[in-house]
Amino acid sequence: MSISIKTPDEIEGMRLAGRLGAEVLDYITPFVKPGVTTGELDRLCHEYMSNVQGSTPAPLNYAPPGYTPYPKAVCTSVNDVICHGIPGDKVLKSGDAVNIDVTVIKDGFHGDNSRMFLVGEPSILARRLAEVTYECMWLGIAKVRPGAHLGDIGHAIQQHAEKNGYSVVREFCGHGIGRVFHEEPQVLHYGRPGTLEKLEAGMIFTIEPMINAGRREIKEMPDGWTIKTKDRSLSAQWEHTVLVTETGFEILTQSAGTPPPPAIVLPLLESSAAVAA
């Protein structure tokens, strides 16, 4: 497996793309409320990328082998949709949990991130699942440093999810990213410590756990993109693009509105040389 090590210039390009990706999520936040359609959220994101940032949406017309071209600028995955929900006529209502996944391309580089949004008055279950999934992502991020292994990341995520009674989706994972949307390595959200590839400074990849309130089995919908939980249970996901630095990690998808690390990881960050900013 060939995992690319990014040059300083490429890292600068990825910092810009990552910040722009995060700023799209900042921009759309106030619009995520009862009564809005997922199609309207997609339109707003697309216009912001095009008109304000001068960036382009990576998902639009993206077509890996075996897939029809993806028809929208972002993914909006609501309630039991795990990932790749296609924006359309669905009207958000109070209590919905929606993941918005944004990847921008700027100067040839990709900035990929997603956040959970709880619409109106969420259920205790939805709020808890979103919180634990956020903790899972950050516990995985906290393992990133040169000499660590990809299996360390997956293990930290799996352990925390299952300890809280949730399950980890296996069929979709994080990925290397740069000038290419999806490249090596695959970043599994489950695994054993000390296994899989060793991390080196200059690697860039996403960590994006998909955590289900029920069982981990998935169901693909007829549109060929939308993935739901087989048992119709709620699913949640958060995503950051992460750089392996000489001493730890740097989050590339950072912006003014990026939520801070959860309390559970602060001791881990303080005890390492990792950079969370």
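The values are calculated or read from the model by the stated rules, or taken from the named source; none is laboratory data. All values derive from a computational prediction rather than experimental measurement. Glycine gets a Cβ as well: all are built from the backbone with ideal geometry, and neighbour counts include every protein chain shown. Remember, those area values only see protein heavy atoms, side chains included, never the ligands or the DNA or RNA. Shrake-Rupley method; radii C 1.70, N 1.55, O 1.52, S 1.80 Å.
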Review point. Taking all protein chains as present, what is the carbon and sulfur share of the accessible area of segment 27-88, in % to the nearest whole number, probe 1.4 Å?
Key: 57 percent
Practice item. State whether segment 1-157 is rounded, prolate or oblate according to the following rule on the C-alpha gyration tensor (a ≥ b ≥ c being the square roots of its eigenvalues): a/c under 1.5 gives rounded; otherwise a/b larger than b/c gives prolate, and the remaining case gives oblate. Key: oblate
Practice item. Can you pull a Stokes-Einstein diffusion coefficient for segment 89-237 at 20 °C (1.002 mPa s), Rh from Kirkwood over Cα pairs, as a whole number of µm²/s? Key: 133 µm²/s
Exercise for review: Determine the shape class of segment 176-229: with a ≥ b ≥ c the square roots of the Cα gyration tensor eigenvalues, call it rounded for a/c under 1.5, and otherwise prolate if a/b is greater than b/c, oblate otherwise.
Suggested key: oblate
Check your understanding: residue 43: net charge of surrounding residues, Cβ under 13 Å, Lys/Arg +1, Asp/Glu -1, itself excluded?
Key -> -3
Review point. If amide H atoms are built 1.01 Å from N in the plane of the peptide, which residues on other chains or at least 5 residues away come under 5 Å of the amide H of residue 252?
Key: 241, 242, 243
Practice item. Skip the ligands, DNA and RNA, and give the accessible area per residue of segment 108-172 with a 1.4 Å probe, whole Å². Key: 35 Å²
Review point. Which helices pass in the chain if a helix is a full DSSP H run, must span at least 18 angstrom along its long axis by Cα, and must have mean Kyte-Doolittle hydropathy not below -0.5?
Key: 8-28, 124-141
Check your understanding: When ligands, DNA and RNA are left out and all protein chains stay put, how many square angstrom of accessible area per residue does segment 7-65 have with a 1.4 Å probe?
Key -> 46 Å²
Exercise for review: Output the relative contact order of segment 18-159, whole-number percent, from Cα pairs under 8 angstrom with separation of 6+ residues.
Suggested key: 23 percent
Review point. Could you work out the helix-only [θ] at 222 nm for the chain, with each DSSP H run of four or more residues adding -39,500 (n - 2.57) and the total divided by the number of residues, to the nearest 500 deg cm²/dmol?
Key: -8000 deg cm²/dmol
Study note, to complete from the structure: Counting sequence-distant residues (5 or more places) and residues on other chains, those with an amide H built under 5 Å from that of residue 117 are 98, 99, 100
Revision key, fill the gap. By the mean-Cβ-within-10 Å protection proxy, highest first, 160-171, 57-68, 128-139 rank as 128-139, 160-171, 57-68
